[in-house]
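Have a look at the structure below, then the notes.
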Amino acid sequence: VAERSGWQPRASRTPQTGNVVTGRGVAISGLAGTVVAQVADVEVDRTTGKVAVKKVTVAHDCGIIVNPDGLRNQIEGNVIQATSRALYEEVDFDANGVKNLDWNSYPIIRFRDVPEVDIVLINHPDMPPFGGGEASSIATGAAIANAIADATGSRVHRAPFTPARLTTPRTA
């Protein structure tokens with residue numbers, strides 16, 4: 001994933017100027033023998049708190065790959081769904097109970113906000129298939145959170161990473 005994304009290690013980030021800042025974050029996850037590494041590239045509007053995930057690069061190692069096209073589809077879908085959960089999805093409540101009773105009122109990613117997903121499949125024909133399912137969704141939120149911290153210099157501690165959470169000072 002480092003090679004494919006052009007990852008360049010650095011000791012620290014020089015503070016960025018301007019209203020829109022960019023960041024990169026990396027995360028690694030594993031599930032049932034499958035190992036996934038991701039690099040997320042984001043833009044953050046400091047005034048509005050809006051996060052745009054531009055690209056997620058994924059390296060996916062699940063042993064022998066039986067169906068590469070199906071695996072790519074599964075990974076891409078998982079990354080898109082996990083991006084939606086990281087940035088938008090949250091059930092809202094009021095004194096009467098749940099406010100999000102349909103798809104019109106439940107926040108979910110829109111096609112215009114779907115990031116580019118670049119996938120590197122690592123095939124190990126000498127190993128059993130470990131599974132290509134949910135493993136790719138685990139690291140997405142962490143990679144996005146790390147990219148937000150890289151862009152802004154501040155960590156966000158609660159998902160979804162909404163504009164309100166990025167523009168409201170954290171209390172102790």
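The values are calculated or read from the model by the stated rules, or taken from the named source; none is laboratory data. What you see is a predicted model; the values in this text were computed from it and never measured. Positions of Cβ are generated from backbone atoms using ideal geometry, with glycine treated the same way; all protein chains shown enter the neighbour counts. With ligands, DNA and RNA removed, areas are computed over all heavy atoms of the protein, side chains included. Shrake-Rupley method; radii C 1.70, N 1.55, O 1.52, S 1.80 Å.
Quick look at the values:
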| quantity | calculated |
| --- | --- |
| Qualifying trypsin sites (Lys or Arg not before Pro) in the range 20-103, DSSP loop, other Cβ atoms within 10 Å at most 12 | K99 |
| Helix 68-87 vs. the chain, principal-axis angle (Cα, 0 to 90°, nearest 10) | 20 |
| Length added when fully stretched, Y106-D94, from 0.36 nm per residue minus Cα-Cα | 2.9 nm |
| Expected 222 nm ellipticity per residue - DSSP helices of 4 or more, -39500 (n - 2.57), all of the chain, to 500 | -7500 deg cm²/dmol |
| Anisotropy class of the range 1-134 from Cα gyration tensor, a/c 1.5 cut | oblate |
| Counting DSSP beta bridges with both ends in the chain, the antiparallel % (nearest 5) | 75 |
| Fraction of accessible area attributable to carbon and sulfur, the range 1-66 (%, probe 1.4 Å) | 57 |
| Restricting the range 87-129 to chymotrypsin sites (Phe, Trp or Tyr not before Pro) in coil, as DSSP defines it, with at most 15 other Cβ within 10 Å | W103 |
